[in-house]
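The values are calculated or read from the model by the stated rules, or taken from the named source; none is laboratory data. Only a predicted model underlies this, so the values are computations on that prediction, with no experimental measurement involved. As a convention, Cβ positions derive from the backbone with ideal geometry for all residues, glycine included, and neighbour counts pool all protein chains shown.
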Amino acid sequence: MVSNKLSSSVPTDREVVLGILNDSEDALNKLYTGYFPMILQFILNNNGDEDDAKDVYQEGIIVLYNKIKGGNFELSSKLKTYIYSVCRRIWLKKLSQQSKKTSNISDFEDVMAVEVDLEHHEEKDKQFDKMQDALLHLGEPCKTIIQDFYINNLSMQDICEKFGYTNTDNAKTQKYKCLQRLKKLFFQV
Amino acid sequence: MRNEIELEGIIEDYLNGKLSEAERTAFEQLRKSDPIVDHKVVAHKVFLESFGEYAQVLDLKAKMDRAHAQIDVETLTEELRPHPSFIINMWRKNKAAIAVAASFILLTVVTVYSIQQNTKQIGSVELMSREMAKIKIDQSSLIRIIKAKTTPNAPKNTKPANFGGTGFALTANGYLLTNLHVVDGADSVYVQDNKGDSYKAKVVRTDSQYDLAILKIIDKSFSPLSTLPYRLKQSGIGMGEIVYTLGFPKDDAVFGEGYVSSRSGYNGDTTQYQVSIPVNPGNSGGPLLDHQGNIIGVISAKEKQVDGATFAIKSKYIQEALNSIPNDSLGKKVAFNKRNSLQGLSRNKQVEKIQDYVFMIKVYK
């Protein structure tokens, strides 16, 4: 039933890897929708709900994404097994953090060792949380200015217009101040 | 303040590789000479990397959220939720294990079935009468012929017998028991004792149901035997019982020992035992004795394709065959000795005594 659905809509492992390396949103879409039911089933049958499934699954995909992007991607087993194993590990950790029992886990797929990748991921995840916290504490309009400049790649001119600064120098000064505060927050935490 | 902003702009350009060659060399010089600038460069680099990763993850999450929006999570959740029914739950969780178990059971059933098919003894039974013609007998039969000539009343054997088997004495006055298939269709039957003397015999009774035949020595030169040493065991015998036989697969008596391996014979025939004992053509009709010297059966056949599967007609049916014979046709009731003089004797002493009562049956067709 489920496996039929999976095999019909899931792209091949090679397609996924190439798609991710080429930043193809379509490939990511296929990957995401392809394996989500597998993880949803796992979480639902192990004391979780669909929101848990979403969080865990997205984290799992991030791990996979970073691994592929990292370039040292040699998949010794099927992508499906990798995703399942990563998500399983993440969920088990969450369960134990909530001090729920993790002994009687219902498995649906083969499991492989992914501890090393996950340690690496946890490190990065910490950095992500730190940055998120720092941005949160930064407040508006600094947060938007920084995001516009560094994420959305807006020019100083655009920012100047968007935020109604009289000239780009003012905007630059503002951005500098914001960035200094953000750095302070980021390195402090 | 102004300188700081400019410195950061330069640092950023430097890290992004936007500086010209000359500017870069100049900046690197400044970085070397001023540790504060150097520190700022490093810190900014770390920050930019972290921020880049943050942006990347954020971007990925946004993409995934869009993908997630396409999934009908509610329906899927309904479908994949642990089922209230224990059995369906079990099935979902242990699909693989159940599949393995099921295929194992299937395999076992198939294997057992095929073994049963195989064990239905397909090997045909080879009757143990010996086709003498196929066996070169020269010297020993010559001796017998010479001996026969010295006895005036002896039969005129001008050619050797073409079939042979084994028989044993039922009474002291010359009644013998053998297999029906040994003497079936015989023109004439001769029996030869341990000493090499041949006597003419005739078939007085046959029992095709149990494959038994009773012969009577009709030769005038035959002198009655002394009292039979063995007796017919009436009750059955168990598996694993050590048994032995004496027969004539060649022109001299051959002793063979084995054990009862099954209480039923070919294809589950309950009138027979299966005995693991080496036998050869010519052993047919030979007595099968237990360690006390009781006759427990008559060797009749062996399975062709299987080694050590010999079949012997149970003594109970010998008795039945005997009982079914009207007294007058045998002249005198055939009865075994109630006493068993072999009991307690060692094996070779038993054989020594028995061999005078076991005969080679020679059949001319």
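The table below gives the values:
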quantity	calculated
Those strands (runs of 3 or more DSSP E) lying entirely in region B:176-224 with at least 3 residues of a type in the set (D, E, K, R)	B:198-207
Residue within region A:58-65 that is at pLDDT 85 or above and in contact with an Asp or Glu (Cβ under 7 Å, 6 or more places away or on another chain) present	yes
Residue identified as closer than 18 Å to B:GLU49 by Cβ, more than 9 Å from chain B (Cβ to nearest Cβ) and surrounded by fewer than 16 Cβ atoms within 10 Å (Cβ to Cβ) among A:GLU140, A:GLU123	A:GLU123
Residue within region B:302-313 that is in contact with a Ser or Thr (Cβ under 9 Å, 6 or more places away or on another chain), buried (at least 18 other Cβ atoms within 10 Å of the Cβ), on the phi < 0 side of the Ramachandran plot and at pLDDT below 80 present	yes
Pairs with Cβ under 8 Å, 6+ apart, first in region B:20-32 and closer than 17 Å to B:GLU6 by Cβ, second of a type in the set (A, V, I, L, M, F, W, C) and not in a helix (DSSP H, G or I)	B:PHE27/B:LEU19
Considering residues of region A:128-137 that are over 12 Å from the mean Cα position of the chain (by Cα) and at the interface with another protein chain (Cβ under 9 Å from one of its Cβ atoms) only, the residue surrounded by the fewest Cβ atoms within 10 Å (Cβ to Cβ)	A:GLN132
Single unsatisfied condition, B:TYR190 versus (1) more than 29 Å from B:LEU345 (Cα to Cα); (2) out of contact with any Pro (no Cβ under 7 Å at 6 or more places or on another chain); (3) hydroxyl-bearing (Ser, Thr, Tyr)	(2)
Test: residue in region B:41-54 that is of a type in the set (Val, Ile, Thr), exposed (fewer than 14 other Cβ atoms within 10 Å of the Cβ), away from every other protein chain (no Cβ under 13 Å) and assigned to a helix (DSSP H, G or I)	no
In region B:233-260, the residues that are among the aliphatic types (A, V, I, L, M) and surrounded by 14 or more Cβ atoms within 10 Å (Cβ to Cβ)	B:ILE237, B:VAL243, B:LEU246, B:ALA253, B:VAL254, B:VAL260
Test: residue in region A:58-73 that is in contact with a Gly (Cβ under 8 Å, 6 or more places away or on another chain) and under 23 Å from B:GLN56 (Cβ atoms)	no
Out of B:GLY196, B:GLY236, sole residue that is closer than 25 Å to B:LYS302 by Cβ and among the small types (Gly, Ala, Ser)	B:GLY236
Residue count for region A:10-56, restricted to those that are over 16 Å from the mean Cα position of the chain (by Cα), within 17 Å of B:ALA69 (Cα to Cα) and of a type in the set (Lys, Arg)	1
Qualifying residue in region A:147-155 (condition: surrounded by 13 or more Cβ atoms within 10 Å (Cβ to Cβ) and over 23 Å from the mean Cα position of the chain (by Cα))	yes
Leading residue by the ranking (nearest to the other protein chains (Cβ to nearest Cβ)) among those in region B:1-14 that are in contact (Cβ under 8 Å) with a residue 12 or more places away in the chain and under 20 Å from A:LYS177 (Cβ atoms)	B:GLU8
Flag if B:VAL37 is closer than 30 Å to A:LYS130 by Cα, more than 8 Å from chain A (Cβ to nearest Cβ) and surrounded by fewer than 17 Cβ atoms within 10 Å (Cβ to Cβ)	yes
Scope region B:263-278; condition closer than 13 Å to B:ILE299 by Cα and polar (S, T, N, Q); matching residues	B:THR271, B:GLN272, B:GLN274, B:SER276
Which listed residue, of A:LYS78, A:LYS130, A:LYS94, is closer than 17 Å to B:LYS61 by Cβ and of a type in the set (Lys, Arg)	A:LYS130
Test: B:SER85 is surrounded by fewer than 13 Cβ atoms within 10 Å (Cβ to Cβ), more than 13 Å from chain A (Cβ to nearest Cβ) and at pLDDT below 85	yes
Within region A:166-189, tally of residues that are more than 18 Å from B:GLU4 (Cβ to Cβ) and either away from every other protein chain (no Cβ under 14 Å) or basic (Lys, Arg) (or both)	1
Evaluation of A:LYS100 against (1) more than 14 Å from chain B (Cβ to nearest Cβ); (2) of a type in the set (Lys, Arg); (3) within 19 Å of the chain's Cα centre (by Cα) (one fails), failing number	(3)
Residue check for B:LEU30: more than 30 Å from A:ASP52 (Cβ to Cβ), more than 8 Å from chain A (Cβ to nearest Cβ), in a helix (DSSP H, G or I) and hydrophobic (A, V, I, L, M, F, W, C)	yes
Matching residues in region A:122-143 - criterion: being touching a residue at least 12 places away in the same chain (Cβ under 8 Å) and in contact with a Lys or Arg (Cβ under 9 Å, 6 or more places away or on another chain)	A:ALA134, A:LEU135, A:HIS137, A:LEU138, A:CYS142
Neighbours by Cβ (under 9 Å, 6+ apart or cross-chain): first from region B:64-81, without any contact (Cβ under 8 Å) to a residue 40 or more places away in the chain and more than 7 Å from every other protein chain (Cβ to nearest Cβ); second surrounded by fewer than 16 Cβ atoms within 10 Å (Cβ to Cβ) and not in a loop (DSSP other than H, G, I, E, B)	B:ARG66/A:GLU25
Lone qualifier among B:ASN327, B:ASN348, B:ASN340 - being more than 17 Å from B:PRO249 (Cα to Cα), more than 25 Å from the chain's Cα centre (by Cα) and either of a type in the set (Asp, Glu) or modelled with pLDDT of 80 or more (or both)	B:ASN348
Test: B:VAL279 is free of Cβ contacts under 8 Å to residues at least 40 places away in the same chain, surrounded by 24 or more Cβ atoms within 10 Å (Cβ to Cβ) and hydrophobic (A, V, I, L, M, F, W, C)	no
Residues of region A:42-87 satisfying the condition of being in a loop (DSSP other than H, G, I, E, B), among the small types (Gly, Ala, Ser) and buried (at least 18 other Cβ atoms within 10 Å of the Cβ)	A:GLY48
